[in-house]
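The values are calculated or read from the model by the stated rules, or taken from the named source; none is laboratory data. Note that the structure is a prediction, hence the values are computed from the model and not measured. Backbone-built Cβ (ideal geometry, glycine too); neighbour counts: all protein chains shown. These area figures cover heavy atoms from the full protein model, side chains too; ligands, DNA and RNA do not enter into them. Shrake-Rupley method; radii C 1.70, N 1.55, O 1.52, S 1.80 Å.
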Amino acid sequence: MSTPDLPWLASIGRQTLAIEPTPLQKMERLSAEIGGPEIWIKRDDCTGLATGGNKTRKLEYLLADALTRGADTIITYGAVQSNHARQTAAACAQLGLNCHLLLSRRVNWPHPSYLNQGNVLLDRLFGAQLHVCDLDQVDGTRDALLEQLKQEGRSAYEIPAGGSNPIGALGYVRCMAELARQADALGVQLGQIVHASASAGTQSGLVFGANALGLETHIMGVNVFHPSPETLRNRVQHIIRGLCERHPQAGVNAEVPIDINHAYLGEAYGIPSAEGLAAIHLAARMEGILLDPVYSGKAFAALIDQVNLGNFNEHSAIVFIHTGGHASLGAYADAFADPEPA
Ligand SMILES: Cc1ncc(COP(=O)(O)O)c(C=O)c1O
């Protein structure tokens, strides 16, 4: 059966930033090794902007909105090793926009590389202005920055952390349609999707998109950020409601089920877990694919464990959405100091 398109989506302003479609590939060796359903990977680590990642698709809609409103300056938020901040900095460089990144020291990973390498190094290369502060200083730093930009006559546009609001989430509505077309063409059953979930834009876009397309796809968001899974569920729900309000023609029921898995967060956001590190080694050695210790490694560990537990046995294929993140690997070099367990 061929997948219908989303005509209402095509009429919404979008600034091209990503190279797409990103590939949908079978993880041949890993699937054989694990011996469960086939494992497929949607390569959103290959969106092409500044080493790729899931924020690029969101930024296509957010920056189109910013440009329509006449913005010349972008402000956004994240942890010091934010992948969203890095992709925003690169997109701003490409579009000739000023970029301010408010980066909070919220992760207790006490190694110097965390503050200097990986994403933060790239942010500087892209010419962004960095404001690194403690979590409780973000509001004050923001207020002072907004005042300064006003004095300078700048027109500022704020993007929330992770680019997650009903505008940014459209990037993953669009991704869902792209993935459905690819799965059709390759004969892959889209029964189960797994991905890392944090600021909720990816999951809400995928869930909304699947519903708008009439697909019976289960979408498991692996919580890698929130101490309570309910916070993430509420955020996904909130963005889906916002999408429903803005796009009633999509015909989506705002109360669609939301699947959050909370078993793979480990100690906390940004702290590598043993399972996540093992998943990184596995994907690297069996498929030549780079994951990261904060997002995609933990989500891939979830996928492997759920397959091993037999929880996905009803499906012939599982699709892992690789949301990127490997730009932070250098910042987490200390997590890889011990050799891989045999
Ligand atoms: C690499 C990576 N994967 C997954 C996510 C989670 O996506 P979202 O914030 O849309 O839930 C993020 C950002 O938070 C990310 O940087």
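Could you report the chain's accessible area per residue, 1.4 Å probe, as an integer in Å²?
That works out to 41 Å² per residue.
If we restrict to alpha carbons, what Rg and Dmax does the chain come to, in Å?
19.2, 62
Once you order the gyration tensor axes a ≥ b ≥ c over the Cα atoms, which shape class does the range 42-117 get: rounded for a/c under 1.5, otherwise prolate or oblate by comparing a/b with b/c?
Oblate.
Alpha carbon centre of the range 78-98 versus the range 317-337: separation in Å?
When both Cα centres are located, 19 Å separates them.
So, with a 1.4 angstrom probe, what is the percent of accessible area on the chain that is carbon and sulfur?
49
Helix-only estimate, please: 222 nm mean residue ellipticity of the chain, summing -39500 (n - 2.57) across DSSP H runs of length 4 or more and dividing by its residues, to the nearest 500.
-12500 deg cm²/dmol
Where Rh denotes the Kirkwood radius from the mean inverse Cα pair distance, what is Rg over Rh for the range 55-163?
Reported Rg/Rh (Cα atoms, Kirkwood Rh): 0.96.
Taking DSSP loops as anything outside H, G, I, E and B, show the longest stretch in the chain free of GluC sites (Glu not before Pro) there with at most 14 other beta carbons within 10 Å.
Between the exposed loop sites, the longest stretch runs 1-151.
Identify which of Cys46, Cys175, Cys244 has the largest mean-square fluctuation in a Gaussian network model of the chain, with springs joining Cα atoms closer than 10 Å.
Greatest mean-square fluctuation among the candidates belongs to Cys244.
Could you pull the accessible area for Ser199 with a 1.4 Å probe, rounded to 10 Å²?
Its accessible surface works out to 30 Å², give or take rounding.
Considering only protein heavy atoms, what is the solvent-accessible area of Met176 at a probe of 1.4 Å, reported in Å² to the nearest 10?
Roll a 1.4 Å probe over it and Met176 shows about 0 Å².
Please enumerate, by chain and number, the lysines with C-alpha under 29 Å from the C-alpha of Lys26, excluding those fewer than 8 residues away in the same chain.
Lys42, Lys55, Lys58, Lys298
Using a Gaussian network model of the chain with C-alpha springs under 10 Å, which one of Leu101, Leu67, Leu265 is most mobile by mean-square fluctuation?
Leu67
Using a 10 angstrom cutoff on alpha carbons, build the Gaussian network for the chain and name the most mobile of Ser273, Ser204, Ser31.
Ser31
Determine ³J(HN,Hα), in whole Hz, for all residues of the range 278-284 in sequence, where each value follows from phi through the Karplus function 6.51 cos²θ - 1.76 cosθ + 1.60 and θ = phi - 60°; x replaces Gly and Pro.
5, 5, 5, 4, 4, 5, 5
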